[in-house]
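J.: One structure, pasted below without further comment.
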Amino acid sequence: MTTQEQAGRVKPGQEEARWYIVHCYSGQEDQVKKRLEQRIENLDVKDRVLEVIVPKEKVAEFKEGRRIEKSERLFPGYLLVRMVVDDDTWSVVRNTPGITGFVSADEQHEGKRARPLPLTDQEVGTIMSRMAAQQPKAKVGFNKGQAVKITDGPFKEFIGIIDEVQQDRGKVKVLVSFFGRETPVELDFLQVERVV
C-alpha cells in the first residue's frame, strides 16, 4: 500500500477518508482495536470506517548481553483510525468501550460537538514509514557519563565511561583509562554492560 493510499486517498467516493488519532486506555490498545472493529462490522459502517491500526515498530533491546527483538507501541494509549467523519461514524468510534475520545478537535460551533481534526499527509507518512521499517530501532538504557564494563574484545574486563551513544548504529564510544590516558573505544551494545 502506498503512502498516498495510507493517507486516505483511495477509491473514488472515498476521498474524504482521513486518518484520525483516537485516545484509549493505555495497555488496552489491541483489545480496544478488536472492540472497535466488531462495532464497525455490527453497525455496518465498514464503507466509512476503513481501517484501525495500533501503531507499532520493531525494537531491538539489549539485555544481559543478548539482543531481543520485539514489537513496541509507537504511541501508548492511542489508535489510528482511517474514516470519513459523520455523525454515525463519530458515534461508533467515540462510544466504543475503552475509547476516551478523538485527539485534536476544532472548536465547537453553535452548540454542535467539536469535530476531530485529521492528521496531515506528512504526519501519516512519518508514522507509516516508522511502522514499515525493516531494521529494528535499537533501544538501550545507556547514557553519556555512565560507567560500563567491557565484556568482549581486547579491552575485556576494563571499566570505562560512556562518551557517546549511537542508537541508530547500535554502538557506544567508551573512554577507557589505558596507560594513564583516556582512550576512546567504539563498541557494540552487546560488548558492554552497566556497572552496578
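J.: Of everything in the stretch 58-85 that's hydrophobic (A, V, I, L, M, F, W, C) and not in a strand (DSSP E or B), which residue is modelled with the lowest pLDDT?
T.: Keep residues of the stretch 58-85 that are hydrophobic (A, V, I, L, M, F, W, C), which gives 59-60, 62, 68, 74-75, 79-81, 83-85.
Filter once more, so that each one left must be not in a strand (DSSP E or B): 74-75, 84-85.
Numbers: LEU74: 86, PHE75: 89, VAL84: 93, VAL85: 90.
So the residue we want is LEU74.
J.: OK, next. Condition check: hydrophobic (A, V, I, L, M, F, W, C) and modelled with pLDDT under 85. Does PHE158 satisfy that? Quick ask: steps written out before the conclusion?
T.: Numbers: hydrophobic (A, V, I, L, M, F, W, C): yes; modelled with pLDDT under 85: no.
When the stated conditions are applied, PHE158 does not pass them.
J.: If you scan the stretch 18-34, which residues turn out to be assigned to a loop (DSSP other than H, G, I, E, B) and of a type in the set (Ser, Thr, Tyr)? I'd like the intermediate steps shown before the answer.
T.: Of all residues in the stretch 18-34, those assigned to a loop (DSSP other than H, G, I, E, B) come to 25-28.
TYR25, SER26, listed by residue number.
J.: Would you check which residues across the stretch 172-181 are more than 38 Å from the chain's Cα centre (by Cα) and part of a strand (DSSP E or B) and list them?
T.: Residues of the stretch 172-181 that are more than 38 Å from the chain's Cα centre (by Cα), as a first pass: 177-181.
Matches in the stretch 172-181: SER177, PHE178, ARG181.
J.: Another question, then. Would you mention how many residues in the stretch 35-45 are assigned to a helix (DSSP H, G or I) and either β-branched (Val, Ile, Thr) or farther than 19 Å from GLY101 by Cβ (or both)?
T.: Our first condition is that a residue be assigned to a helix (DSSP H, G or I); within the stretch 35-45, this holds for 35-42.
Those left that are additionally either β-branched (Val, Ile, Thr) or farther than 19 Å from GLY101 by Cβ (or both): 38, 40-42.
Residues meeting the conditions: 4.
J.: Evaluate the stretch 148-166: report whether one residue or more is surrounded by fewer than 17 Cβ atoms within 10 Å (Cβ to Cβ), of a type in the set (Lys, Arg) and assigned to a loop (DSSP other than H, G, I, E, B).
T.: yes
J.: Taking the condition out of contact with any Phe, Trp or Tyr (no Cβ under 8 Å at 6 or more places or on another chain), in contact (Cβ under 8 Å) with a residue 40 or more places away in the chain, on the phi < 0 side of the Ramachandran plot and assigned to a loop (DSSP other than H, G, I, E, B), does THR96 pass? Quick ask: steps written out before the conclusion?
T.: On the way: out of contact with any Phe, Trp or Tyr (no Cβ under 8 Å at 6 or more places or on another chain): yes; in contact (Cβ under 8 Å) with a residue 40 or more places away in the chain: yes; on the phi < 0 side of the Ramachandran plot: yes; assigned to a loop (DSSP other than H, G, I, E, B): yes.
Spelling it out, THR96 is indeed out of contact with any Phe, Trp or Tyr (no Cβ under 8 Å at 6 or more places or on another chain), in contact (Cβ under 8 Å) with a residue 40 or more places away in the chain, on the phi < 0 side of the Ramachandran plot and assigned to a loop (DSSP other than H, G, I, E, B).
J.: If you don't mind, there's one more thing I want to ask. Being modelled with pLDDT of 85 or more, closer than 13 Å to LEU36 by Cα and not in a strand (DSSP E or B) is the requirement here; does VAL52 meet it?
T.: Working: modelled with pLDDT of 85 or more: yes; closer than 13 Å to LEU36 by Cα: yes; not in a strand (DSSP E or B): no.
Criteria not met by VAL52.
J.: Related question: Considering the stretch 37-77 alone, what residues qualify as being small (Gly, Ala, Ser) and within 30 Å of VAL195 (Cβ to Cβ)?
T.: Of everything in the stretch 37-77, those that are small (Gly, Ala, Ser) and within 30 Å of VAL195 (Cβ to Cβ) turn out to be ALA60, GLY65.
The values are calculated or read from the model by the stated rules, or taken from the named source; none is laboratory data. As the structure is a prediction and not an experimental result, all values here were calculated from the model. Cβ sites come from the backbone with ideal geometry, for glycine too, and all protein chains shown count toward neighbours.
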